[in-house]
Amino acid sequence: MLTFTIRRLILAIPTLLFISLVIFLLLELAPGDPMAQVPLTVPPEVKEKMRLALGLGEPGYIRFYKWLVQFFWVEPQILFDHMFGTTFAEGKLRIISWQHRGPVMDVVVERLPQTLWVVGLSYIVGIMIALPIGIYSAYKQYSMFDQAGTFITMIGYSIPPFFTGPLVIVLFSVNLGWFPFIYDTTHEVVDWDSFVYQLRQMIMPVMVLALQTTAQISRYMRASMLDNLNQDYVRTARAKGLSEKVVVLVHVLRNSMIPVVTVIALGLPAIFGGAIITEQVFSVNGIGAQLIGAIQANDLPTVQTLTFMFAFLIVFFNLIADVLYGVLDPRIRYD
Amino acid sequence: MTDTTNTEPTTPPHSQWYDVWHQFKAHKGAMLGGIVFLIIVFGVFLGPLLWPYDATYIDIRSRNQGPSLAHPFGTDQLGRDLLARMMAGGQTSIAVGLTAMLLALSLGSFVGIVAGFFKKLDGPLMRLTDLFLALPILPLLLVMMMLFREPLSSAVGPERGIFILIVVAIGITSWMPTARIVRGDVLALKEREFVLAARSIGTSNKNMITRHILPNVLSPIMVSATLGIANAIITESALSFLGLGFPPDFPTWGRLLNDAVQYLQDYPERVFWPGLGISLTVLSVNYLGDGLRDALDPRIRGR
């Protein structure tokens, strides 16, 4: 298992490099010029110097190498310095945004908590709802509950978050007035009232994102439970007189959770992608909104860094899912 | 003289596709999904011939109207008839969905068949598929839209340019699942006797693929086709919704939804129709795929 993990880790490096190269080459083709907004009265030689200052003068491969160094070497050092008060990264060049001339990572660190709160909470809520539904609809296969569950799952798959979002806004904010219309990112939790406000403004985005998670995971849970319910060991467990509760919730559930856990790990990056849309709907000021803003402002370093971070998440969680699968299920041996 | 030993079969023999249709008919959800999808497609493409208003006709005096007999869905902030815009938007959305699906499907089937059939290419092609699966699709699509929107618009016109861009972008980022499924099926097929028989009478690789392999992997391809349409429609709507799809005055369902969200506080009912269009289409196509999967699976068929 250890060899497998190490091999997967090593294999992840070329994958990440390839992805960063693809993103870089895509952006290299960008016709957008960061100097487009500079007034025409600025002489061309000054413009050329400004381009150089942005690091645009060098050939592509040098800039790619510099970006790699900045992302994988300088930025972790900054993080390390920040945590332990050391000065490893002093005076080193960081990835600078063209939009606001500050380090990209500072903005990311500022905005990441918003996204993590909304996305993370919705994922947990979604899983908490999905697992019981999946278990029960598998146990009562083809019952009314199961049919209804299938239908709701189909709806969860089919209705995109940019429709459920406005729908819940119309229903709960405009008509009923229960929850605030726009997510207030500057809101700070200091006492009970502000905590309640924070909770109220988070309910709608969490609800929208959780619907998708629930739809997917309850399906997997159901399929996996159905696979296990007909196995011989279940009959054995019943035959030796275990209560139905123990048979289903201990024996079957534990074995059924194996594939579901990996699906949960695999779904996490996709949820981040979906958060781009949900953040737009509810005006949450997270990294998804940052990406959209950077794309509209032609801010290539930010776009590159953020896109790569999304890719990194996908590769990382794929790896976790693979390793988890091997650890949880002794029948799976990769090496 | 009567012939009592009637050796004729009671029912005439029927083809495989008859069996498939028979099974498909039994799946109520799939039938309903298919009918709803056909109604949407016909309504969207034939409706404008019957409906008097044009999707781009601006009548500023009758702007922001609620539903009435003249405008069943109401009018928007420029007085354009929303039913006409829904139909025009549906044309674009469904056209994008179908074309992008066809592109992704042909790419995916090609990669899958080649990877499954030629052992030497299997490794590299599957690594490529894995790499593509690791790409962050939505951010990359957004980046592609940002980068190639202007050059393509100026080359072939704004609407057609964006259409090509969206179709290609969705196509080359969604072929991977099809490729994986098709490869798995081809690998299994290659071990079957009929392939060995065909090989032994000297069938060339080209004929082998077109006559023996391709017809047998048609069912997974058809199932991914339905999923592909749903996926492409959702992706296109998402891009338009984020303001990076078609130009503002050009209606698609995602674009209409985006417009409606801006007037959410004053006219919340406008959100409903484009969202319903997207959801109903995707839902019906998903059910269609569900039924197709059951109908094309010979292990389930006949039960």
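Take region B:243-257 and flag every residue that is facing chain A (nearest Cβ under 9 Å) and under 21 Å from the mean Cα position of the chain (by Cα). Listed by number, the residues that qualify are B:LEU244, B:GLY254, B:LEU257. In region B:263-281, of all residues being without any contact (Cβ under 8 Å) to a residue 12 or more places away in the chain and at the interface with chain A (Cβ under 7 Å from one of its Cβ atoms), the one that is surrounded by the fewest Cβ atoms within 10 Å (Cβ to Cβ) corresponds to B:GLN265.
Answer yes or no: is there a residue in region A:116-137 that is over 30 Å from B:SER284 (Cα atoms) and either at pLDDT below 80 or among the aromatic types (Phe, Trp, Tyr) (or both).
From region A:116-137, those over 30 Å from B:SER284 (Cα atoms) are A:116-118, A:120-121; that's our starting set.
Going one step further and asking which of them are either at pLDDT below 80 or among the aromatic types (Phe, Trp, Tyr) (or both), we end up with A:117.
Taking every residue of region A:116-137 in turn, at least one turns out to be over 30 Å from B:SER284 (Cα atoms) and either at pLDDT below 80 or among the aromatic types (Phe, Trp, Tyr) (or both).
For region B:287-302, indicate whether the set of residues that are basic (Lys, Arg), outside any helix (DSSP H, G or I) and out of contact with any Gly (no Cβ under 7 Å at 6 or more places or on another chain) is non-empty. Among the residues of region B:287-302, at least one is basic (Lys, Arg), outside any helix (DSSP H, G or I) and out of contact with any Gly (no Cβ under 7 Å at 6 or more places or on another chain), which makes the answer yes.
Just one of A:VAL260, A:VAL247, A:VAL252 is within 28 Å of A:MET204 (Cβ to Cβ), part of a helix (DSSP H, G or I), modelled with pLDDT of 85 or more and more than 14 Å from every other protein chain (Cβ to nearest Cβ); which is it? Before the answer, list the steps.
Numbers: A:VAL247 fails: within 28 Å of A:MET204 (Cβ to Cβ); A:VAL252 fails: within 28 Å of A:MET204 (Cβ to Cβ).
One residue alone meets the criteria, A:VAL260.
Does region A:274-298 hold any residues that are crowded, with 22+ Cβ neighbours inside 10 Å and outside any helix (DSSP H, G or I), and which are they? Residues satisfying the conditions are A:VAL284, A:GLY286. Of all residue pairs spaced 6 or more apart or on separate chains, none has beta-carbon atoms under 6 Å together with a first member in region A:20-35 that is within 16 Å of A:THR307 (Cα to Cα) and among the basic types (Lys, Arg) and a second member that is at pLDDT 65 or above and in a loop (DSSP other than H, G, I, E, B).
Test A:GLU279 against the criterion of being within 22 Å of A:LEU121 (Cβ to Cβ) and charged (D, E, K, R), and give yes or no.
yes
In the condition set (1) free of Cβ contacts under 8 Å to residues at least 60 places away in the same chain; (2) over 30 Å from A:PRO166 (Cα atoms); (3) assigned to a helix (DSSP H, G or I), A:SER194 is compliant with all but (2).
Quickly run through region A:166-176 and pick out the residues that are more than 8 Å from chain B (Cβ to nearest Cβ) and of a type outside the set (A, V, I, L, M, F, W, C). Show your work before the answer.
Restricting attention to region A:166-176, the residues satisfying the condition of being more than 8 Å from chain B (Cβ to nearest Cβ) are A:168, A:171-173, A:176.
A:SER173 - this is the single residue of region A:166-176 that is more than 8 Å from chain B (Cβ to nearest Cβ) and of a type outside the set (A, V, I, L, M, F, W, C).
The residues of region B:87-113 that are of a type in the set (Val, Ile, Thr) and under 13 Å from the mean Cα position of the chain (by Cα), listed by number, are B:THR92, B:ILE94, B:VAL96, B:THR99.
Residue-wise test of (1) within 14 Å of chain A (Cβ to nearest Cβ); (2) surrounded by fewer than 17 Cβ atoms within 10 Å (Cβ to Cβ).
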{"position": "B:LEU105", "(1), (2)": "no, no"}
{"position": "B:GLY108", "(1), (2)": "no, no"}
{"position": "B:ILE113", "(1), (2)": "no, no"}
{"position": "B:PHE117", "(1), (2)": "no, no"}
{"position": "B:LYS120", "(1), (2)": "no, yes"}
{"position": "B:PRO124", "(1), (2)": "yes, yes"}
{"position": "B:PHE132", "(1), (2)": "yes, no"}
{"position": "B:LEU135", "(1), (2)": "yes, no"}
{"position": "B:LEU138", "(1), (2)": "yes, no"}
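Considering region A:154-165, the residues that are at the interface with chain B (Cβ under 10 Å from one of its Cβ atoms) and of a type outside the set (Val, Ile, Thr) include one that is nearest to B:GLY275 (Cα to Cα), namely A:PHE163. Does A:ALA270 satisfy the condition of being touching a Leu at 6+ places or on another chain (Cβ under 8 Å) and buried (at least 16 other Cβ atoms within 10 Å of the Cβ)? For A:ALA270, the condition - touching a Leu at 6+ places or on another chain (Cβ under 8 Å) and buried (at least 16 other Cβ atoms within 10 Å of the Cβ) - is not met. Mind checking whether some residue in region A:133-153 is within 13 Å of chain B (Cβ to nearest Cβ) and in contact with a helix residue (DSSP H, G or I) (Cβ under 6 Å, 6 or more places away or on another chain)? Yes, region A:133-153 contains at least one residue that is within 13 Å of chain B (Cβ to nearest Cβ) and in contact with a helix residue (DSSP H, G or I) (Cβ under 6 Å, 6 or more places away or on another chain).
Only a single criterion out of (1) among the β-branched types (Val, Ile, Thr); (2) over 26 Å from the mean Cα position of the chain (by Cα); (3) closer than 21 Å to B:GLY123 by Cβ is not satisfied by B:ILE213, namely (2). For B:GLY243, the criteria (1) assigned to a helix (DSSP H, G or I); (2) surrounded by 14 or more Cβ atoms within 10 Å (Cβ to Cβ) hold in every case but one, which is (1). B:MET222 meets all of the listed conditions (1) surrounded by fewer than 24 Cβ atoms within 10 Å (Cβ to Cβ); (2) of a type in the set (A, V, I, L, M, F, W, C); (3) within 13 Å of another protein chain (Cβ to nearest Cβ) but one, namely (3).
A single entry from B:ALA238, B:ALA260 fulfils the requirement of being crowded, with 24+ Cβ neighbours inside 10 Å and within 9 Å of another protein chain (Cβ to nearest Cβ): B:ALA238.
For region B:140-204, which fully contained helices (runs of 4 or more DSSP H) count at least 3 residues that are free of Cβ contacts under 8 Å to residues at least 24 places away in the same chain?
On the way: elements: B:158-173, B:176-190, B:193-200.
Answer list for region B:140-204: B:158-173, B:193-200.
The values are calculated or read from the model by the stated rules, or taken from the named source; none is laboratory data. Please read these numbers as outputs of a predicted model, since none were measured by experiment. FYI the Cβ positions are ideal-geometry reconstructions off the backbone, even for glycines, and counts take in every protein chain you see.
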